[in-house]
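Chemist: Below are the structure tokens for one structure; questions will follow.
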Protein chains: 2
Amino acid sequence: MMPEKLMEMRRATWKNQAAVPRPVILTIAGDSAAGKTTLTRGLVDALGAQNVTAVCADDYHRYDREERRALPFTPLNPACNYIDIMEQHLQLLAAGQPILKPKYDHATGTFGRPVFVEARRFIIVEGLLPLHTRLAQACADVSVFMDPPEPIRREWKIARDTTRRGYTSDQVIRELERREPESAEFIRPQRASADIVVRFGPLLEPTDGAWPHAHEDADSGTLSATLLLRPTVSHPDLSSVLTEENRRAIHMKLIRDDDGKPVDALHVHGQAPPQLTHQVEEALWRGLGLGHDAGMPSGLGAINGHRNEPLAITQLILVYHLLQLAAEH
Amino acid sequence: MMPEKLMEMRRATWKNQAAVPRPVILTIAGDSAAGKTTLTRGLVDALGAQNVTAVCADDYHRYDREERRALPFTPLNPACNYIDIMEQHLQLLAAGQPILKPKYDHATGTFGRPVFVEARRFIIVEGLLPLHTRLAQACADVSVFMDPPEPIRREWKIARDTTRRGYTSDQVIRELERREPESAEFIRPQRASADIVVRFGPLLEPTDGAWPHAHEDADSGTLSATLLLRPTVSHPDLSSVLTEENRRAIHMKLIRDDDGKPVDALHVHGQAPPQLTHQVEEALWRGLGLGHDAGMPSGLGAINGHRNEPLAITQLILVYHLLQLAAEH
């Protein structure tokens, strides 16, 4: 491009831009029914809906359901998505610009009218492939990979797709099998680039300092959470919370991840006494510096009409990151 | 934004970009039925469809037809359009990036599935408001405003909308009246920023060096063209064509525009002997340096199954600009 044209475009752009602080972007990647939406909901509640733009990265499908029937890949495949447009829109949002976002209707499997999306103070991007490319990763200020044990995720997906998306169990199970190779090839590798890996599930204590794996037959009612806190971002100082007294509710351990790399694993026990967990939450909430008067948002930890304390604590840690980044921006 | 995040995003962007030449953008603004599509068609034919991305700026409507019924403005009003998204998409195309363009269906008055649009070597943007803002203007390498006399445009609009869009004459006339204030307020001011103003119509010679105005009752069959060539871009050297011999087909005159500013007015006579006009076209075509062997594209000058020589000459001058700019980029 001619330098003077570039300059002209830049000058005209500056004129359009008010001096607003740039948004903070949290990106949550994970497979279908891995808990992304549930995690997001509590964050929006804590930050205030008016301050958050929630973007579903799965709207960038390249083909509708009918077209996909003739194609050899599932929606998990990057070739099935406008990854370049997703990257472009993430860059624009990161720069505080609005986007006209495509809209995929999961009920009909077709594309609807695009939606005008403004960049608010906080942007939460969630989807199957929002950390697939280096550019998409670079757009995130902090990133999460949802990593529930596969048996738990299958349960969640069957429960959701049969009750809310009109499929039969058999259909969902067949679809899970059909998707498995692309899940392994494209979804799970995103785990490696996330700042935080979140695993909800009935957890076994690690026996040899390794990443804990789930009982396949465990009761999924009172889920615990394990958060891998990678040294790629500055995590909150949890020393006041990680006391001997709180050990039954929360504790942290230096472990090696599956790839052998060292990482802090924060365990939050789902079956700890509620008053103990609540005490930990209060301490985390106070640590956010939002003032003593502000009560904790009621939406934290909400899941299917119940309250899950490990979920609430996970959300509080993410809120900490978002507020910290907003102060720095 | 944090500088390191910006750097990270930039580095990831560079990696994605091949060393392709940046596109050349021609923007054609003008009111409904002013001849934008007819002009564009011949250009696409001359440049080769595989080298041209045609973008309709009227797809950036903010409301569908049903919603507009309850609103006090017509589609001509910038408030009725996502001007900021149009600007954004023009910037992206200017930088060689693809866009996911909204698609407004004129037949149903609703929005369809967005369309993936790649930036080819030449981009022709046409619509009602593509030169409305400074940023949109800055995205154009060369810009045109279509300025037919209003009585001619009314004829064209009635003819098109009754035969191809299913309206009655009365409906079209009422719509023209309803749109007139916004046409004056938003469409016509774009004329001032265009590098070239194109007026097809039965023209009167200027009597006192002023911009010629049309006979309101003239026969619109053999249209002449007047092109205002503003000194904002380098126009082709026409001296070899502007001879005494060719004067009945083409001549140029220094005049004052309606705003008093000096401008070259190039007149191309619709009723000149065809062999004379054709000679002028051949000279212009040779001047483009596309080689002696390459015959002139047959699509130049095509309008409603006929051939109009002034239209062909207008298109040749625009092709000159586009090829010139492509060589410079």
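Chemist: Look through region A:103-118, keep the residues that are in contact (Cβ under 8 Å) with a residue 12 or more places away in the chain, out of contact with any helix residue (DSSP H, G or I) (no Cβ under 8 Å at 6 or more places or on another chain) and within 8 Å of another protein chain (Cβ to nearest Cβ), and return whichever of them is nearest to A:Ile25 (Cα to Cα).
Modeler: A:Pro114
Chemist: Of a type in the set (S, T, N, Q), in contact with a helix residue (DSSP H, G or I) (Cβ under 8 Å, 6 or more places away or on another chain) and at pLDDT 90 or above: which single residue out of B:Ser220, B:Ser224 fits that description?
Modeler: B:Ser224 is the lone residue from the list that is of a type in the set (S, T, N, Q), in contact with a helix residue (DSSP H, G or I) (Cβ under 8 Å, 6 or more places away or on another chain) and at pLDDT 90 or above.
Chemist: Just one of the numbered conditions (1) among the basic types (Lys, Arg); (2) at pLDDT 90 or above; (3) loosely packed, with under 15 Cβ neighbours inside 10 Å is not true of A:Arg256; which one?
Modeler: It fails just one condition, (3).
Chemist: Return the residues of region A:110-143 that are in a loop (DSSP other than H, G, I, E, B), among the small types (Gly, Ala, Ser) and more than 21 Å from A:Ala34 (Cβ to Cβ); say none if nothing qualifies.
Modeler: Residues satisfying the conditions are A:Gly112, A:Ala119.
Chemist: Now a separate question. Please enumerate the residues belonging to region A:130-154 that are more than 14 Å from chain B (Cβ to nearest Cβ) and among the basic types (Lys, Arg).
Modeler: Within region A:130-154, A:Arg153, A:Arg154 qualify.
Chemist: When only residues in region B:172-184 that are out of contact with any helix residue (DSSP H, G or I) (no Cβ under 8 Å at 6 or more places or on another chain) and farther than 21 Å from B:His132 by Cβ count, which is surrounded by the most Cβ atoms within 10 Å (Cβ to Cβ)?
Modeler: Among those residues, the one meeting the criterion is B:Arg174.
Chemist: Within region B:250-297, can you find the residues that are in contact with a strand residue (DSSP E or B) (Cβ under 7 Å, 6 or more places away or on another chain), in a loop (DSSP other than H, G, I, E, B) and among the small types (Gly, Ala, Ser)?
Modeler: B:Gly270
Chemist: Kindly indicate which of B:Pro114, B:Pro149 is out of contact with any Leu (no Cβ under 7 Å at 6 or more places or on another chain) and at negative phi.
Modeler: Unique residue meeting the criteria: B:Pro149.
Chemist: Does region B:1-40 hold any residues that are more than 8 Å from chain A (Cβ to nearest Cβ), under 26 Å from A:Thr133 (Cα atoms) and either modelled with pLDDT under 70 or in contact with an Asp or Glu (Cβ under 6 Å, 6 or more places away or on another chain) (or both), and which are they?
Modeler: Residues satisfying the conditions are B:Pro3, B:Glu4, B:Leu6, B:Met7, B:Arg10, B:Trp14, B:Gln17, B:Ala18, B:Ala19, B:Val20.
Chemist: Which condition number in (1) out of contact with any helix residue (DSSP H, G or I) (no Cβ under 9 Å at 6 or more places or on another chain); (2) at pLDDT 90 or above is the one that A:Asp293 fails?
Modeler: The number of the failed condition is (2).
Chemist: Condition first: more than 28 Å from B:Ala159 (Cα to Cα) and either assigned to a loop (DSSP other than H, G, I, E, B) or β-branched (Val, Ile, Thr) (or both). Can you find one or more residues in region B:298-311 that meet it?
Modeler: Looking through region B:298-311, none of the residues is more than 28 Å from B:Ala159 (Cα to Cα) and either assigned to a loop (DSSP other than H, G, I, E, B) or β-branched (Val, Ile, Thr) (or both).
Chemist: Condition (residue is at pLDDT 90 or above, of a type in the set (Gly, Ala, Ser) and in contact with an Asp or Glu (Cβ under 8 Å, 6 or more places away or on another chain)) applied to region B:302-315: is it met by at least one residue?
Modeler: yes
Chemist: Give me a count of the residues in region B:121-141 that are within 15 Å of A:Met9 (Cβ to Cβ) and either in contact (Cβ under 8 Å) with a residue 40 or more places away in the chain or buried (at least 24 other Cβ atoms within 10 Å of the Cβ) (or both).
Modeler: Looking only at that region, the number is 11.
Chemist: When you go through (1) at pLDDT 90 or above; (2) within 14 Å of chain A (Cβ to nearest Cβ) one by one for B:Glu328, which number turns out not to apply?
Modeler: (1)
Chemist: What residue, among those in region A:155-170 that are touching a helix residue (DSSP H, G or I) at 6+ places or on another chain (Cβ under 8 Å), free of Cβ contacts under 8 Å to residues at least 40 places away in the same chain and assigned to a helix (DSSP H, G or I), is nearest to the other protein chains (Cβ to nearest Cβ)?
Modeler: Among those that are touching a helix residue (DSSP H, G or I) at 6+ places or on another chain (Cβ under 8 Å), free of Cβ contacts under 8 Å to residues at least 40 places away in the same chain and assigned to a helix (DSSP H, G or I), it is A:Thr162.
Chemist: While we're here: When the residues of region A:41-67 are filtered to those that are of a type in the set (D, E, K, R) and away from chain B (no Cβ under 14 Å), which remaining residue is nearest to A:Gln88 (Cα to Cα)?
Modeler: A:Asp58
Chemist: Separate question: Name the residue, out of B:Arg120, B:Arg165, that is modelled with pLDDT under 95 and more than 21 Å from A:Val117 (Cβ to Cβ).
Modeler: B:Arg165
Chemist: Could you tell me which residue of region A:46-63 is surrounded by the most Cβ atoms within 10 Å (Cβ to Cβ), considering only residues that are more than 14 Å from A:Leu323 (Cα to Cα) and not hydrophobic (A, V, I, L, M, F, W, C)?
Modeler: Here the residue is A:Tyr60.
Chemist: Would you mention how many residues in region B:144-154 are in a helix (DSSP H, G or I) and within 26 Å of B:Ile123 (Cβ to Cβ)?
Modeler: Looking only at that region, the number is 1.
Chemist: Among the residues of region A:79-88, write down those that are more than 8 Å from chain B (Cβ to nearest Cβ) and either surrounded by fewer than 19 Cβ atoms within 10 Å (Cβ to Cβ) or within 17 Å of A:Thr53 (Cβ to Cβ) (or both).
Modeler: A:Ala79, A:Met86
Chemist: Within region A:93-120, restricting attention to residues that are over 21 Å from A:Leu47 (Cα atoms) and among the aliphatic types (A, V, I, L, M), which residue is surrounded by the fewest Cβ atoms within 10 Å (Cβ to Cβ)?
Modeler: Within region A:93-120, the match that is surrounded by the fewest Cβ atoms within 10 Å (Cβ to Cβ) is A:Ala107.
Chemist: Which members of region A:162-171 meet the condition of being more than 14 Å from A:Gly109 (Cα to Cα), surrounded by fewer than 15 Cβ atoms within 10 Å (Cβ to Cβ) and of a type outside the set (Gly, Ala, Ser)?
Modeler: A:Thr163, A:Arg164, A:Thr168, A:Asp170, A:Gln171, listed by residue number.
The values are calculated or read from the model by the stated rules, or taken from the named source; none is laboratory data. Remember, it's a predicted structure, so these values are computed and weren't measured experimentally. Cβ: placed from backbone, ideal geometry, glycine included. Neighbour counts: every protein chain shown.
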